[in-house]
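Engineer: One structure is given below, represented as structure tokens, and several questions about it will come after.
The values are calculated or read from the model by the stated rules, or taken from the named source; none is laboratory data. As the structure is a prediction and not an experimental result, all values here were calculated from the model. Neighbour counts are summed over all protein chains in view; Cβ atoms, including those assigned to glycine, are modelled from backbone coordinates with ideal geometry. With ligands, DNA and RNA removed, areas are computed over all heavy atoms of the protein, side chains included. Shrake-Rupley method; radii C 1.70, N 1.55, O 1.52, S 1.80 Å.
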Amino acid sequence: MSIHRTCMAFGSLALVLLANCAPSSDSSDNHWPELTSSIPVDADLEEHITSLLAQMSLEQKIGQMTQPEIQYITPDEVRDYHIGSVLNGGGSFPGGAKYSSVADWLALADAIYDASMDTSTGGLAIPVIWGTDAVHGHNNVIGATLFPHNIGLGAMRNPDLIERIGEITALEVATTGIDWDFAPTLAVVRDDRWGRTYEGYSEDPEIVRDYAGRMITGLQGQVGTGQFLDASRVVATAKHFVGDGGTDGGVDRGDNLSTEQQLVGIHAQGYFPAFEAGAQTVMASFNSWNGQKMHGNPYLLTEILKGRLGFDGFVIGDWNGHGEVPGCTNESCAQAVIAGVDMIMVPEDWKAIIENTIAQVRAGEIAESRVDDAVRRILRVKIRAGLFEKGRPSSRPHAGDMSLVGAPEHRAVAREAVRQSLVLLKNDGGLLPLARDLDVLVAGDGADNIGKQSGGWTISWQGTENTNADFPGAASIFAGIEAAVSSAGGHTTISEDGSFTGQPDVAIVVFGENPYAEMMGDLETLSFCAENSESLAMLRQLKSQDIPVVSVFLSGRPRWVNAELNASTAFVAAWLPGTEGAGVADVLFRDTVGQVNHDFTGKLSFSWPNAPMQTPLNRGDSIYEPLFPYGFGLTYNDTDSLGDDLPELECPS
Ligand code: GLC
């Protein structure tokens with residue numbers, strides 16, 4: 001068994017034992033395992049690349065290394081500048097049209113592909129590769145299946161389901177003619193104030209390690225088999241390398257102050273199984289490591305990633321991440337290319353960076369051998385992905401197949417994921433599970449709000465400005481409750497502000513964080529009350545009227561909610577469940593014959609704080625006093641002893 005597999009076999013002990021898995025004595029004591037690519041060198045493939053490189057001008061090579069955003073380039077420019085890749089950013093659609101159909105996406109994919117294969121103005125026919133952020137399903141496309149965000153998937157503790165989710169995501173992405181998914185995020189999130197906490201599976205490498213390879217396999221197919229990058233799969237991205245979830249204070253794009261041993265033993269743990277599963281691209285991270293921007297770090301991007309870890313795919317920069325390297329701008333950054341970024345994600349300033357990078361090569365600032373290595377890597381991935389053979393996007397097996405986008409069987413898998421993601425934090429007196437034939441008040445601004453239950457990276461970048469009509473085929477949490485209760489003769493009342501007439505048997509209040517993404521979600525404290533005064537008042541009002549209250553809390557991370565917990569009879573952490581909100585009712589209610597329908601199985605993959613500033617708070621801390629620890633989650637067999645007198649503080653304004 002190789003040193004690598006011995007290390008991998010240690011599972012949750014890897015943090016401690018990794019040091020004992022240090023590479024052979026001849027390597028520096030830097031704690032990184034010594035890996036080799038899981039894909040053997042293919043001499044014929046490399047020879048093919050060599051012959052392509054020999055025919056390419058410098059302009060064509062630099063064009064391959066450039067990734068503009070679709071709003072800022074036309075197909076003719078893709079042809080004329082020999083562009084190797086395009087992306088659509090969060091909230092970017094063909095022609096800027098939010099309600100683009102699958103056919104619209106596919107038509108643009110065809111136009112860009114045709115342009116990349118058009119040799120009429122000189123240059124080789126090298127197929128473009130289009131990247132997109134399908135981070136919880138194909139979340140840019142109207143009607144797609146949206147899965148719970150990664151924080152909820154982490155609570156499932158189900159690697160098999162993770163692989164299935166990846167498989168479905170790849171299939172729905174393939175229907176739109178897109179070849180490449182900027183997923184999975186492998187962040188190990190240490191300070192929950194980070195606006196991208198929900199994009200991480202966990203605070204602990206254990207779950208990230210268990211999931212990373214399975215998600216890569218789901219997206220790309222099993223490496224070494226005919227399934228690998230076939231027509232139903234997409235190229236995946238292990239991101240953001242490395243240490244994105246460990247910045248000081250959880251500041252997005254901030255400084256990770258870890259030691260190298262912590263960087264390896266905590267933050268990099270997902271990458272090793274991801275590479276074993278054949279991840280073909282890595283996205284460089286915005287963060288710094290001890291003051292050095294990752295996009296300008298040759299030690300980590302080249303010596304470690306491509307050397308020690310044997311990564312033989314290509315490194316894509318993040319959105320103008322090169323421009324944040326000292327001495328660089330969005331239009332010019334030799335340092336990033338030299339450090340090991342193979343393809344520059346440069347949404348708007350792509351003409352300038354092409355011109356400047358060519359000049360930097362011609363001036364000897366960037367060695368042409370570095371350019372050749374970058375282009376070899378890009379072509380290697382394109383050839384492995386079959387892009388030279390797959391033909392026009394619309395000619396591919398699943399292209400335009402609307403039966404796949406939001407397919408019932410896909411939604412059923414997402415609904416199962418919702419059920420397994422829910423974590424029961426409180427169940428005073430065994431209120432849950434509820435009988436169906438009750439008079440149920442459903443309240444809160446998250447009750448009938450598919451956008452709120454889906455979070456960021458949902459149609460728009462921030463997940464805002466959406467209505468329920470933007471999610472055909474989806475179900476709000478209320479819709480699921482209403483279907484469950486009416487099936488047994490019960491009655492539901494939807495009342496966002498919690499007002500009601502009569503006396504409901506129970507109130508289910510769905511409230512929580514409003515959607516956000518990236519730095520827009522960064523927090524100073526984990527206190528939630530300032531964002532939640534209305535819902536807290538509602539909970540207290542209902543409690544004062546002796547109405548049992550089930551709180552369903554929508555969030556991208558644990559928040560300090562002692563007051564809300566005290567005002568609730570039962571409290572469910574629902575995270576960001578996505579389009580299949582009916583999965584919540586599946587667990588809250590008994591079945592039609594009064595038995596437990598689905599018990600809670602979710603367990604916290606993030607520790608839950610008992611004070612607003614109790615962060616970072618992670619399993620393994622020398623002082624570890626969470627309100628609910630990593631791994632906590634009640635089932636219907638558990639007796640709850642939380643009570644209603646958790647310490648409450650004045651709500652900071
Ligand atoms: C964003 C994110 C990255 C995403 C990229 C393209 O800024 O950092 O995760 O893949 O830009 O949208």
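Engineer: Starting from a Cα-only point model with no solvent, please compute log10 I(q)/I(0) by Debye for segment 44-403 at q = 0.10 1/Å.
Structural biologist: For segment 44-403, the Cα-only Debye profile gives -0.55.
Engineer: Here's something else I'd like to know. Show me the three semi-axes of the equivalent ellipsoid for segment 104-150, from the C-alpha gyration tensor (sqrt of 5 times each eigenvalue), largest first, rounded to whole Å.
Structural biologist: Taking √(5λ) for each Cα gyration eigenvalue gives 31, 11, 5 Å.
Engineer: Please compute, over every Cα-Cα pair in segment 422-588, the percentage with a separation greater than 26 angstrom.
Structural biologist: Result for the distance tail: 22 percent.
Engineer: Let me ask you something else. Relative contact order for segment 424-492 using alpha-carbon pairs under 8 Å, separation at least 6, rounded to a whole percent?
Structural biologist: 41
Engineer: Counting only protein chains, not ligands or nucleic acids, how are ARG436, ARG196 ordered by accessible area (probe 1.4 Å), most first?
Structural biologist: So, going from the largest accessible area down, we get ARG436, ARG196.
Engineer: Next up: Please name which of VAL561, GLY444, HIS267 has its Cα lying farthest along the dipole of the chain towards the positive end, using unit charges on Cβ (Lys, Arg +1; Asp, Glu -1) and the Cα centre as origin.
Structural biologist: HIS267
Engineer: With no solvent and one equal point scatterer placed on each C-alpha of the chain, evaluate the Debye formula and give log10 I(q)/I(0) for q = 0.07, 0.08 Å⁻¹, two decimals.
Structural biologist: -0.44, -0.57
Engineer: Once both axes come from the Cα atoms, what is the angle between helix 43-55 and the longest principal axis of the chain, in degrees from 0 to 90, rounded to 10?
Structural biologist: Value to nearest ten degrees: 60.
Engineer: Could you compute Rg(Cα) / (2.2 N^0.38 Å) for segment 270-333, with N its residue count?
Structural biologist: It is 1.14.
Engineer: Considering amide H positions built from the backbone, and no H for Pro or chain starts, which residues 5 or more places from VAL188, or on another chain, come under 5 Å of its amide H?
Structural biologist: Counting only residues 5 or more places away or on other chains, the set is GLY245.
Engineer: From the phi angles alone, apply the Karplus equation (6.51, -1.76, 1.60; θ = phi - 60°) to segment 398-404 and give each ³J(HN,Hα) in whole Hz, x where the residue is Gly or Pro.
Structural biologist: Listing the rounded values in order: 9, 4, x, 6, 5, 5, 8 Hz.
Engineer: Just to confirm the number: angle between the C-alpha axis of helix 533-544 and the first principal axis of the chain, 0 to 90 degrees, nearest 10?
Structural biologist: 30
Engineer: Report the gain in length on full extension from ASP546 to LEU58: 0.36 nm times residue separation, minus Cα-Cα distance, nm rounded to one decimal.
Structural biologist: Here the answer is 168.2 nm.
Engineer: Rounded to the nearest 20 debye, what is the charge dipole size of segment 319-435 about its Cα centre when +1 sits on each Lys and Arg Cβ and -1 on each Asp and Glu Cβ?
Structural biologist: Dipole magnitude for segment 319-435 comes out near 580 debye.
Engineer: Further question: For segment 609-618, take each phi angle, set θ = phi - 60°, evaluate the Karplus expression 6.51 cos²θ - 1.76 cosθ + 1.60, and give the result in whole Hz per residue in order, putting x for glycine and proline.
Structural biologist: Running phi through 6.51 cos²θ - 1.76 cosθ + 1.60 with θ = phi - 60° gives x, 10, 7, x, 10, 7, 7, x, 9, 9 Hz.
Engineer: Once amide H atoms are built 1.01 Å from N in the peptide plane, which residues 5 or more positions from THR132, or in another chain, come under 5 Å H to H?
Structural biologist: Correct list: TRP180, ASP181, PHE182.
Engineer: May I ask which of LYS426/LYS603; LYS61/LYS239; LYS426/LYS543; LYS98/LYS452; LYS239/LYS293 have a Cα-Cα span longer than 22 Å here?
Structural biologist: LYS61/LYS239
Engineer: Give the calculated FRET efficiency between PHE388 and ASN30 to the nearest 0.05, with a Förster radius of 41 Å applied to their Cβ-Cβ distance.
Structural biologist: 0.60
Engineer: Something else about it: Based only on the alpha carbon positions, what is the Kirkwood hydrodynamic radius of segment 452-546, in angstrom?
Structural biologist: Across segment 452-546, the inverse of the average 1/r is 15.7 Å.
Engineer: Please determine, in degrees from 0 to 90 and to the nearest 10, the orientation of helix 408-421 with respect to the longest principal axis defined by the Cα atoms of the chain, where the helix direction is its Cα long axis.
Structural biologist: That works out to roughly 60 degrees.
Engineer: Per residue, how much accessible area does segment 422-588 show when a 1.4 Å probe rolls over the protein heavy atoms, in square angstrom?
Structural biologist: 30
Engineer: Measuring from centroid to centroid over Cα atoms, what is the spacing of segment 214-235 and segment 509-533 in Å?
Structural biologist: Centre-to-centre distance over Cα atoms comes out at 36 Å.
Engineer: With θ set to phi - 60°, apply the Karplus curve 6.51 cos²θ - 1.76 cosθ + 1.60 along segment 98-109 and write out the HN-Hα couplings as whole Hz, x wherever there is a Gly or Pro.
Structural biologist: Calculated HN-Hα couplings, in order: 4, 8, 4, 7, 4, 5, 5, 4, 5, 5, 5, 4 Hz.
Engineer: Listed highest first by mean packing, meaning other Cβ atoms within 10 Å per residue, what order do 496-505, 641-650, 184-193, 324-333 come in?
Structural biologist: The peptides rank, most packed first, as 184-193, 324-333, 496-505, 641-650.
Engineer: Measuring from the lowest to the highest alpha carbon on each principal axis, how far does segment 565-653 reach, largest first, in angstroms?
Structural biologist: 46, 30, 28
Engineer: Continuing with the same structure: Highest mean first, how do 144-150, 228-234, 439-445 rank when packing is the count of other Cβ atoms within 10 Å averaged over residues?
Structural biologist: In descending order of packing, they fall as 144-150, 439-445, 228-234.
Engineer: From the protein chains alone at 1.4 Å, what is the descending order of accessible area for GLU167, GLU534, largest first?
Structural biologist: GLU534, GLU167
Engineer: Here is a follow-up. Would you mind calculating the relative contact order of the chain from Cα pairs under 8 angstrom and at least 6 residues apart, reporting the percent as a whole number?
Structural biologist: RCO, the chain: 16 percent.
Engineer: Using a basic spin-label model with each label point 7 Å from the Cα along Cα→Cβ, how many nm lie between SER38 and ASP104?
Structural biologist: It is 3.7 nm.
Engineer: Contact order normalised by length for segment 44-403, with contacts defined as Cα pairs under 8 Å and 6 or more residues apart; what percent is it?
Structural biologist: Taking the mean separation of contacting Cα pairs over the length of segment 44-403, I get 18 percent.
Engineer: Next question, about the same structure. Of the heavy-atom accessible surface of segment 454-514 (probe 1.4 angstrom), what whole percent is carbon and sulfur?
Structural biologist: About 53 percent, which is the carbon plus sulfur part of the accessible surface.
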